[in-house]
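The values are calculated or read from the model by the stated rules, or taken from the named source; none is laboratory data. The model shown is predicted, which means the values in this text are computed figures rather than measured ones. Glycine gets a Cβ as well: all are built from the backbone with ideal geometry, and neighbour counts include every protein chain shown. Areas reflect the complete protein model, heavy atoms only, side chains present, ligands, DNA and RNA absent. Shrake-Rupley method; radii C 1.70, N 1.55, O 1.52, S 1.80 Å.
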There are 2 protein chains.
Amino acid sequence: MSDYRAPLEEIQFALETCGGLNEWVNTPGFEEAGEDLVAAVLDEAAKLANEIIAPTNVIGDLKGAHIEGDTVVTPDEFKKVQEAFVEGGWSTLAYPESLGGQGLPGTLAFAITEMVTSANMAFSLQPLLTSGAIEAIIAHGSKEQIAKYVPNMVSAKWTGAMNLTEPGAGSDVGALKAKAEKQPDGSYKISGQKIFITWGDHDLAENIIHLVLARLPGAPEGTRGISMFLVPKFHVNDDGSLGDRNDVRVVSLEHKLGIHGSPTCVMAFGENDNCIGYIVGEENKGMRNMFTMMNHARVGVGLQGVSVAERAYQHAAAFAQERIQSAEIGAKTRDAVAIIRHPDVRRLLMTTRATVEAARAIIYRNVWAFDRAHHASDPEVRRKAQGEADLLTPLSKAYATDIGVEGASLALQVFGGMGFIEETGAAQFYRDSRIAPIYEGTNGIQALDLAGRKLNDAGGEHWKSLIEEMKEFAEGMDRGMKEYKDTLVDAVTALEDAATTLFANGFENIVDTAAAATPYLRLFSTVVGAYLLCKQATEAERRLAAHDGNPAFLRAKITTARFYVEQILPTATALLGPIKAGSASLMEIDDIDFCENR
Amino acid sequence: MSDYRAPLEEIQFALETCGGLNEWVNTPGFEEAGEDLVAAVLDEAAKLANEIIAPTNVIGDLKGAHIEGDTVVTPDEFKKVQEAFVEGGWSTLAYPESLGGQGLPGTLAFAITEMVTSANMAFSLQPLLTSGAIEAIIAHGSKEQIAKYVPNMVSAKWTGAMNLTEPGAGSDVGALKAKAEKQPDGSYKISGQKIFITWGDHDLAENIIHLVLARLPGAPEGTRGISMFLVPKFHVNDDGSLGDRNDVRVVSLEHKLGIHGSPTCVMAFGENDNCIGYIVGEENKGMRNMFTMMNHARVGVGLQGVSVAERAYQHAAAFAQERIQSAEIGAKTRDAVAIIRHPDVRRLLMTTRATVEAARAIIYRNVWAFDRAHHASDPEVRRKAQGEADLLTPLSKAYATDIGVEGASLALQVFGGMGFIEETGAAQFYRDSRIAPIYEGTNGIQALDLAGRKLNDAGGEHWKSLIEEMKEFAEGMDRGMKEYKDTLVDAVTALEDAATTLFANGFENIVDTAAAATPYLRLFSTVVGAYLLCKQATEAERRLAAHDGNPAFLRAKITTARFYVEQILPTATALLGPIKAGSASLMEIDDIDFCENR
């Protein structure tokens, strides 16, 4: 019952309606990504996820990882998954052919990552972080570094890890203290300790390429004095063979609420004063590199919300069809029925389903915008696509991970008392999902990004343009979904009002803006989610009328959109009041009185 | 940092404003519950909770309970807690003096239970279930049964357990299959298996009095054929001494997401055909008895939401004052500050704080209504109080446990990455809190109770009267909190519209009502919460003006009420739309298509 089955029709439809699938073949570099190839790739990926990876999820949770000697040991079952991953070339999809990749759209790779993550979130972090590291090296590394390290990372023979956080430097990366000193040969000696390093050490790959943020002697304080270094676990000889072990070591593993299969390491660099690193890009420009890694990883973390809640939903829906309990409300007989017939149980399922589909639509659109930003032939299209991708990133990360936790919790509730028993499996989704709103920039930080940097980017061009697009669509809803026209128009108008208000705050009322950031992100995401689901429903109506496609699937898409607009959108629209209420009630209790005088 | 400190000022103020504290001395039976006595009792209870019980919370989580031979063994630390509990007479507060109690208001006992539960939720379940069993025996047992069993339960020498659930009979209690057969001597032989029996066996008391639901041969199907039996773990001789062990045995313990310190037992009755039970009340009237136990326990479970979120809030607030990270938004310097200065962190804390205080106010009012229903001298006052208590019970249970989980999750978020590490302690609150929306009737069932039975009770008299009271207050908000008058009036009006709509649905549109039940409960609870916090703020304003009381505390009460009305109430008011939207979008996807055609 805890089996996962990749929702292929839904994923394909979301790719078509939000992920630009039909435009791929016309996009420079993606000419081969035609319908048939894509369908075949998705099919194969589904088999990998359903049959090979999904059964390892509980095993990873129960066995976890542990340290033996100076290496992290993962469950044997993970080694088989890694083998299948490498053999199938699944890590190579979206990289240039020159680096051993297949040159397919990043959006397609994301759809596959969704399946892999549903199948085993803890495992999926390893390829996710590797791809973040690859992006950073490609974007900022030297030609030699790219040639020396990237192909083996693309093939998943080696993996990557991001070494940012220190005990005193979490969200405030600029406070980090790790040191780098330049050596006569141009390399650097790295020293310091890093915490919360996901897959910082393990036994699934021959080598691990660490990207490490550190500070040079005399570097400026804060984020302007941070540099990025490439620190291989094993030195790589010029012929590509592996040399001695570098002076980097896992010190301990964290005991976590969830994702037990993913080793979260404390890493020590330079304990024996012999940790050699190589600068990536320029000195003191490490933050820029970090954002290259993070923007990619942020959307990837958002996807975790979708993936875990999708699987939790499937698990709960299957149970709700089997579990017989109580008579149906309003029925003539008092015979007990499957609990999926009970409206309050359906609400749990429909809420999870609808928010997952909305978040998936946002994320696919987000990644397709990244693809266009890199591949479109027209520079103006690229610029606009980049703006849209950046705008949507905090939505993808924060909204999708929030609804991920909410969905996992609603799905657990479907099981009643059984949901609280670990063996049922619902609790694992509830535990695993909880990290996603925290890492890669907490959701509070995402909200500040949306209400700060992304609000002011290009004078507000990107959010204005998206709101314009949504308004036009909503005002044109004169067929099919037309009964929802007013609700959607109201919601878009509320969003416009909110964005305009925060935009006008400027630096004068920046505390008000910061106070409003979280509800603003929720409003923004829910409106975009409603818009994309309504667009999907409109397309589903068109296909139904044209007898094109599976009617059961298309009808369910329409109902899910209706549910989202009717049941979920109104409370988001009502966030306009809280957004405009200012910061007084948030800020006026004295710090000390949060604990004292109670 | 994980220390708990009972919020004595807040508890006392909530008792005064919502729990009727100043009326206690004028209530028959509570004449001794004057201000000084109450303050002294609360003070002593706080010491017990803070110093004796709170330190055992993590220990219970880590050690859990286990079976040795045929007994459940709990951590040694729990034995000391139980000793202190018995010696201090904490279990006896609200029972009649004739049964060894102290005859104090149940509302006062609840305030103390709040502290005990914050200190150790897993432990607190044991006295909670014992008091549910005591209530049922007092209400429905024979004089002999009361005399024989109750005094030792009041003193906590013995404990009680509720044996309802079976594998095929959870929410649908009527489906249970356990059997009872009458013996010539008037006793019954009980047989069957029960699951999810909280504190069903343990080593903290000399005896355990099980109340067991079972079915007599030929009894009507469903809930009308259920009887309740008293099954002691050890038989009790006529002189009160303990006799042989009864044929009831713990079979196994569940491996749960949280409350590890609380043994959740599978219990076998009559494996050797020798389990003797005694009927409580009449044959086939067991459901009525069960509701006596459950109504009490439901509010008690609601209190768990308040208790756990209160402690999670304290834990997070203390961390937020200590943790230095990032510069303050809008400040002139870039010096890092305590994260409690960051608006998005404050939002996490204020949301938890405000919802906890709202839920506490609802629960105290609920319990005080129960007290009046039993103790008021005027029968009409008793009748109305009973109606109000019954109306508020699903709010207390479901709203408080929902915000309990939400608050524990928000508090965890305050810690950033540390929140996901078990040693931090935030994760335990997140895990422990998750059971409360499930047991004692899932929150979905509470919502159906509110939108069904409680909506129609006495022709709607009780909800109409509460709405009238709130409307009158809101329309009279012409001082102090007056800027919130419109918001509160709008919210009460929306609630009235929602209740009237569902009331008018009747049996014709009963599926629409069931579909709307959950948002209706959320709207109802949030409006009552806002009303009670505004009433508290009005009283705080009065005291501030009169220089009566601690100004820091009173000012914080006002700000918390403002925050709730500004930031939390509007999204609840917006639930009117979803409530009136009907059930189509919830019900129209075919059952099978929740899993297939995706």
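Annotation: amide H of residue B:207 within the under-5 Å range of B:159, sequence separation 5 or more or interchain, hydrogens built in the peptide plane.
Based on every Cα atom in segment A:113-199, Rg and the maximum pairwise Cα distance Dmax equal 15.2, 48 Å.
Normalised by the number of residues in segment B:294-453, the average gap of Cα pairs under 8 Å and 6 or more apart makes the relative contact order 34 percent. With the largest listed first and rounded to whole Å, the semi-axes of the equivalent ellipsoid of segment A:254-343 from the Cα gyration tensor are 53, 17, 7. Counting every Cα pair in segment A:464-550, what percent are over 20 Å apart? Every Cα pair in segment A:464-550 considered, those over 20 Å come to 43 percent. Put the Cα centre of segment B:357-404 next to the Cα centre of segment B:174-226 and the gap is 30 Å. Measuring nothing but protein heavy atoms, the accessible surface of segment B:478-552 at 1.4 Å probe radius is 51 percent carbon and sulfur.
Overall, the ratio between the Cα radius of gyration of segment A:132-271 and 2.2 N^0.38 Å, rounded to two decimals, is 1.03. Accessible area ranking (1.4 Å probe, heavy atoms, ligands and nucleic acids excluded), largest first, for A:380, B:144: B:144, A:380. Peptide A:311-324 has a mean of 2 when you count, residue by residue, the C-beta atoms of other protein chains within 10 Å of its C-beta. How tilted is helix B:8-17 with respect to the longest principal axis of chain B? Cα atoms for both, answer in degrees (0 to 90, nearest 10). Roughly 90 degrees between the two axes. In µm²/s, what is D for segment A:442-587 at 10 °C and 1.306 mPa s, where D = kT/(6 pi eta Rh) by Stokes-Einstein and Rh is the Kirkwood radius from Cα pairs? Answer from the Stokes-Einstein relation: 99 µm²/s.
Value of Rg to Rh for chain B, rounded to two decimals, is 0.97; Kirkwood radius and Rg both from alpha-carbon coordinates.
Hull volume per residue, based on the alpha-carbon atoms of segment A:523-593 and their convex hull, is 100 Å³. Couplings for segment B:65-72, taken from phi via the Karplus curve 6.51 cos²θ - 1.76 cosθ + 1.60 with θ = phi - 60°, read 10, 8, 9, 10, x, 10, 10, 7 Hz in order; Gly and Pro are left as x. Where does the protein assembly as shown land on Rg/Rh, using Cα atoms and the Kirkwood Rh? Radius of gyration over Kirkwood radius for the protein assembly as shown works out to 0.97. Between A:498, A:570, A:554, the Cα set farthest toward the positive side of the dipole of segment A:442-587 (charges on each charged residue's Cβ, about the Cα centre) is that of A:554. Take the accessible area of B alone and of A alone, subtract that of the pair with a 1.4 Å probe, and the total buried over both chains is about 9200 Å². Here the Karplus curve 6.51 cos²θ - 1.76 cosθ + 1.60, taken at θ = phi - 60°, turns the phi angles of segment B:208-223 into couplings of 10, 9, 8, 9, 10, 8, 8, 10, 7, x, x, 5, x, 5, x, 5 Hz, with x standing for Gly and Pro.
Dipole of segment A:421-473 computed with +1 at Lys/Arg Cβ and -1 at Asp/Glu Cβ about the Cα centre; of A:452, A:424, A:438, farthest Cα towards the positive end is A:452. May I ask you to list the GluC sites (Glu not before Pro) in segment A:1-86 that are in a DSSP loop and have at most 11 other Cβ atoms within 10 Å of their Cβ? Taking segment A:1-86 and a limit of 11 other Cβ atoms within 10 Å, the loop GluC sites (Glu not before Pro) found are A:31. Here the Karplus relation 6.51 cos²θ - 1.76 cosθ + 1.60, evaluated at θ = phi - 60°, turns the backbone of segment A:91-101 into coupling constants of 7, 9, 3, 9, 9, x, 4, 4, 10, x, x Hz, with x for every Gly and Pro. Just to be sure I understand: of the beta bridges DSSP finds with both ends in the protein assembly as shown, what percent are antiparallel, rounded to 5? The antiparallel fraction comes to roughly 85 percent. Protein-only accessible surface at a 1.4 angstrom probe places the residues A:445, B:339, B:52 in the order B:52, A:445, B:339, largest first. Counting only Cα atoms, segment B:393-495 measures 49, 37, 15 Å along its principal axes, largest extent leading. Peptide A:549-559 has a mean of 4 when you count, residue by residue, the C-beta atoms of other protein chains within 10 Å of its C-beta. Per residue, the average separation of C-alpha pairs within less than 8 Å and at least 6 apart gives segment A:451-598 a relative contact order of 30 percent. In a simple Cβ point-charge model (Lys, Arg +1; Asp, Glu -1; nothing else charged), the protein assembly as shown has a dipole of about 520 debye relative to its Cα centre. Taken residue by residue and averaged, Cβ atoms of other chains lying within 10 Å of the Cβ of A:425-435 number 3.
On a per residue basis, chain A carries 35 Å² of accessible surface, using protein heavy atoms and a 1.4 Å probe. The distance between label points at residue B:203 and residue B:456 comes to 5.1 nm (points 7 Å beyond Cα on the Cα→Cβ vector).
Around the Cα centre of segment A:280-382, unit charges on the Cβ atoms of Lys, Arg, Asp and Glu (plus for the first two, minus for the last two) sum to a dipole of about 340 debye. Within segment A:301-370, the proportion of Cα pairs with more than 19 Å between them is 45 percent. Each helix, a run of at least 4 DSSP H residues, gives -39500 (n - 2.57); summed and divided by the residues of the protein assembly as shown, these come to -17000 deg cm²/dmol at 222 nm.
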